[in-house]
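Please treat every number below as a calculation from the coordinates, not as lab data. Remember, it's a predicted structure, so these values are computed and weren't measured experimentally. Glycine gets a Cβ as well: all are built from the backbone with ideal geometry, and neighbour counts include every protein chain shown.
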Amino acid sequence: MIKKLLQYGFIVSIGFPVAFLLMLSLGRRWAYPNVLPEQMNFANWEFLQRSDSKLFQAFFVSLGISLCVAIFTTSIGFLISKLIAYSKNRNFYLVLAYIPYLLSPVIMAVIFQYYFIITGLTGTFLGVIIAQFLVAFPFGIIIYINFWNPQLKSIEELSYTLGGSRWQTFKKVLLPLSKNAIMLCFFQVFLISWFEYGLTNLIGSGKVRTLTVSVFNFVTEANIFYAALSCCLLILPPMLLLYINKRLIFFVEKTKIEP
Amino acid sequence: MTHILNIKDLYKNFGKETILKNINLSLEKNTVLSLLGSSGSGKTTLLKIIAGLESEDKGELLLNGKNLANKKPQQRNIVYLYQEALLFPHLNAFENIAFGLRLKKVDSKVIMEKVNHMLEHLDMARHAEKMPNQLSGGQRQRISFGRAMVIEPELLLLDEPFGALDAITRGKMQELFKDLAHKMHISALFVTHDLKEAIVMGDQIGKIQKGQLLQYATKKEFYKDEFSGVQKEIDFWKQINNN
């Protein structure tokens, strides 16, 4: 009984904010003391189609930035984390990896800003990607570091003595074994980048309008209906990722390798 | 008899610590040399150097008369087997054995034939489709042997391969390995810290202690050596018998 209650409680705690946002995005004119908005229609959603709304543009800018940051961090982090894990100075590098989280990304952005200004990267799409990568990359290292363990090293060495080249060992041994770690890193970094606001706002200096920046703009304008609408767009990719994650992370391993 | 492996004046240091000192070793073709040594004696380092997974500081390694210097592990045709079976967890028993053949891009029909033949040899044919986590420790070790032997390496290096098995399984595996080694004309270095296992498994015996190796010309010579521990063992069992 308690277990069931806890399960329902969990579902409600996840589902209620989503349902509430959806309702708000459909609402218009919500004055006190009405329990619900006076009008409920798709008028706000039509705002998405307007050329001056730039919400769709912000959505794709966010998607582009997050995908780039997630792909770079996942691939480069995979290679660098291996060097760090088997290094004599592993602990030293790990302490360095925690620094962005001790300082907070916004403070990191303040530190970066000077260098971004002199290199002309402030207010550019590339600048935001690089800034986010610098914060997300250490996180990728932290995710991967425990994947590289002595047993995996022995398996890798065994593959070499069985005749496997570095590429074959990567493709047929390391990649299949690291699938879960790679997906975890990709999803986590994507989410960090997707919801990033402070750093993006500072380095983007208002010229790079991501979805989170748009949400905050609507909130500061006290336009709760448009804010809810952009929030609906904001939670779409994470929900999709959550679904894919659940499907892929717990999949049954293939039993055959390709020749 | 021809020597498949010759090691001359081999040295290895880790920092200031000397791990291997003036190692000289020769292994005849189609024979098994047992290397007896306690933990930290340098036996694993020696095997890793032969496999190309560690580099020597000084010395010469010859396999079939050819110098192994600067040869990568994948070019040596020497397989190193660990104490754990280390099966690839994403592949079933059949594919684990086929792994080395697939790397060499051997024809699928030949792979099928060789792997099935090996599974028969190992008495594991009915477990071919099982994943490693569905196999017992002994079964995993059998597959591990099959995976190494199917590619017909010139030399097999076994680093306490039965160390993690119980006494009964260990006995069965020793018999199986001896049988396979004889049938498949295998040359191997078999590292163990167990005196009885060293005697059972090896055609020849060597002892490695504090980084120095002593290779006995015959087993008899080993039994006669008062520091080999054989006499102590015999006395112990005699004492038990008398009591």
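A few notes on this one:
- Cα-Cα over 30 Å, subset of B:K21/B:K172; B:K16/B:K207; A:K82/B:K48; B:K48/B:K196; B:K66/B:K109; B:K178/B:K207: B:K21/B:K172; B:K66/B:K109
- Shape of chain B, Cα gyration tensor, a/c cut at 1.5: oblate
- Selected from B:S38, B:S136, B:S187 as most flexible by GNM, with chain B as the system and alpha-carbon contacts under 10 Å: B:S136
- For region A:133-190 versus region B:105-148, the gap between their alpha-carbon centres in whole angstrom: 26 Å
- Region B:29-77: C-alpha gyration tensor shape, a/c 1.5 cut-off, then a/b vs b/c: oblate
- Region B:85-152, relative contact order in percent, only Cα pairs under 8 angstrom and at least six apart counted: 54 percent
- Per-residue HN-Hα couplings for region A:60-70 [Karplus 6.51, -1.76, 1.60; θ = phi - 60°; Hz; x = Gly/Pro]: 6, 5, 4, 4, x, 4, 5, 5, 4, 4, 5
- Chain A: angle of helix A:90-103 to the longest principal axis, Cα-based, in degrees nearest 10: 10 degrees
- Bridge orientation summary for region B:140-243: considering DSSP beta bridges with both residues in this region, about 50 percent are antiparallel.
- Most mobile of A:I118, A:I145, A:I182 in a GNM of chain A (Cα contacts under 10 Å): A:I118
- C-alpha long axis of helix A:2-26 to longest principal axis of chain A, angle in °: 60 degrees
- On Cα atoms only, tilt of A:105-118 relative to the major axis of chain A in degrees: 80 degrees
- Backbone geometry of region A:214-227 corresponds, through the Karplus equation with coefficients 6.51, -1.76 and 1.60 at θ = phi - 60°, to 3J(HN,Hα) couplings of 5, 4, 5, 4, 5, 5, 5, 7, 6, 9, 5, 6, 5, 4 Hz, x marking Gly and Pro.
- Build a GNM of chain A with springs between Cα atoms under 10 Å apart, and of A:T119, A:T210, A:T161 the one that fluctuates most is A:T161.
- Chain B: DSSP helices with Cα axial extent of at least 15 Å and average Kyte-Doolittle hydropathy no lower than -1.0: B:93-103, B:108-121, B:137-149, B:167-183
- Secondary structure note: in the protein assembly as shown, about 55% of the DSSP beta bridges are antiparallel.
- Helix-only CD estimate at 222 nm, as mean residue ellipticity for chain A, using -39500 (n - 2.57) per DSSP H run (n ≥ 4): -24000 deg cm²/dmol
- Whole-Hz Karplus values for region A:183-189 come out as 5, 4, 4, 4, 5, 5, 5 Hz, taken residue by residue from phi with 6.51 cos²θ - 1.76 cosθ + 1.60 and θ = phi - 60°; glycine and proline positions read x.
- Between B:L35 and B:F190, B:V191, B:T192, B:G206, the built amide H atoms are under 5 Å apart, and every one of these is 5 or more places off in sequence or on another chain.
- Taking 0.36 nm per residue of separation and subtracting the current Cα-Cα distance, fully stretching the chain between A:Y8 and A:F216 would add 71.8 nm.
- Database remark: amide H of B:Q215 closer than 5 angstrom to the amide H of B:K207 (H placed geometrically; neighbours at sequence offset of 5 or more, or on other chains; Pro and chain starts carry no H).
- Put simply, the Cα atoms of chain A extend 74, 59, 37 Å along their principal axes, the longest span coming first.
- Helix-only arithmetic for chain B: the sum of -39500 (n - 2.57) across DSSP H runs with n ≥ 4, divided by the residue total, places the mean residue ellipticity at 222 nm at -11500 deg cm²/dmol.
- The Cα atoms of region B:1-51 give a gyration tensor whose axes a ≥ b ≥ c have a/c of 1.5 or more with a/b greater than b/c, which makes the shape prolate.
- Taking every DSSP bridge with both residues inside chain B, close to 55 percent are antiparallel.
- Inter-part distance where region B:7-56 and region B:209-243 are each reduced to a Cα centre, Å: 22 Å
- Amide H partners (placed H, <5 Å) of A:W30, local residues excluded: A:E38
- Ordered by the count of other Cβ atoms within 10 Å of each Cβ, fewest first, B:I78, B:I199, A:I111 give A:I111, B:I199, B:I78.
- Percentage relative contact order, chain A, counting C-alpha pairs under 8 Å, at least six apart: 29 percent
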